[in-house]
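A short reminder: the numbers here are calculations on the coordinates, not readings from a lab. On a predicted model such as this, the values are computed, not experimentally measured, just so you know. Cβ placement follows ideal geometry from the backbone for every residue including glycine, while neighbour counts extend to all protein chains displayed.
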């Protein structure tokens, strides 16, 4: 087991990574809290069917309440958020209660936002079940979606701990592995050239990752995430660099309809776009054709879905919460490990989107 300490301005907490770490949750609850009154497990339909029975027996002394959301981004709607709050109220949760998020990034976002807003904030613990959640479970950004934009309604609410049990990743379909691994690649590109070159030389088939490769990839990704979160918890500065690839990626997700195109696969297209822009305007010298060939070999789509309108994508990027005054700010690279923010004109972006 690896323990990674996350240090932010508001809270310090641990991410426990390893096989079987979920068995430590009950000890943590007894040692970390004076008296837990109720536990609400928020999960989704897919995860509940596969993994819920691995967690409930470990928490039997608290007789946990279960709320099961729809799978994927459909969990992050106002209606589902309202239902989860209603379950919390109906079952007598109070300020000494704890929410456990059992699932991927969408469940973590929903659970964290419920925890942040219920009685003005109660504790929650992340129990991720996807590779993608190595990014989303760390750092305290929690949110739900709006039809006009992804993660537009949310808060910063740090978990008490993250229990990242690698045994729970064994059932992931290849599409979800791809979605999560895009964020691993992102972390390498924005922070650690050596890690990027290791990934490129070692990872050739995502459906054949060894346990050692997965452990190394996830722990390093979490460590890199901490480098940004610890210095900028509320995203007033360098934490924005974690959005590399996300400006176009979120626009693609929104235009495709949430849940119809995975987050990581949309972000991969966004990263390719940002790498090409970086070569053009930021002085980056990067072999994008070589990168595209590598990620295509990993199964990624590398072009914008043809049914999407460049004009609509630009409009969605301008509505993104990272935009300012209607201008689009992109995270670009000066070189691997050296990101920067740059404002780009509508005309410039529209022409490049059409040629991606």
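Within the range 1-33, being in contact (Cβ under 8 Å) with a residue 12 or more places away in the chain, farther than 24 Å from residue 216 by Cβ and surrounded by fewer than 18 Cβ atoms within 10 Å (Cβ to Cβ) holds for 9, 10, 11, 26, 28, 32, 33. Taking the range 95-107, which residues are closer than 24 Å to residue 222 by Cβ and assigned to a loop (DSSP other than H, G, I, E, B)? Passing the criteria: only 104. Against the list (1) in contact with a strand residue (DSSP E or B) (Cβ under 9 Å, 6 or more places away or on another chain); (2) surrounded by fewer than 21 Cβ atoms within 10 Å (Cβ to Cβ); (3) under 28 Å from residue 147 (Cβ atoms), the condition residue 69 fails is (2). Restricting to the range 162-181, name every residue that is within 20 Å of residue 300 (Cβ to Cβ) and without any contact (Cβ under 8 Å) to a residue 12 or more places away in the chain. The one that is within 20 Å of residue 300 (Cβ to Cβ) and without any contact (Cβ under 8 Å) to a residue 12 or more places away in the chain: 173. Selection of the range 86-96 for residues being closer than 14 Å to residue 124 by Cα and surrounded by 16 or more Cβ atoms within 10 Å (Cβ to Cβ) yields 88, 93.
Residue 331 falls short on exactly one of the conditions (1) surrounded by 15 or more Cβ atoms within 10 Å (Cβ to Cβ); (2) farther than 30 Å from residue 146 by Cα, and that condition is (2).
Consider the range 182-217 and keep the residues that are without any contact (Cβ under 8 Å) to a residue 60 or more places away in the chain and not in a helix (DSSP H, G or I). The one that is farthest from residue 2 (Cα to Cα) is 209. Kindly provide the set of residues from the range 235-268 that are under 20 Å from residue 310 (Cα atoms), more than 13 Å from the chain's Cα centre (by Cα) and free of Cβ contacts under 8 Å to residues at least 24 places away in the same chain, ordered by number. Hits for the range 235-268 are 257, 260.
Which one of these is within 30 Å of residue 197 (Cβ to Cβ) and over 20 Å from the mean Cα position of the chain (by Cα): 293, 345, 309, 327? Testing whether each residue is within 30 Å of residue 197 (Cβ to Cβ) and over 20 Å from the mean Cα position of the chain (by Cα) leaves just 293.
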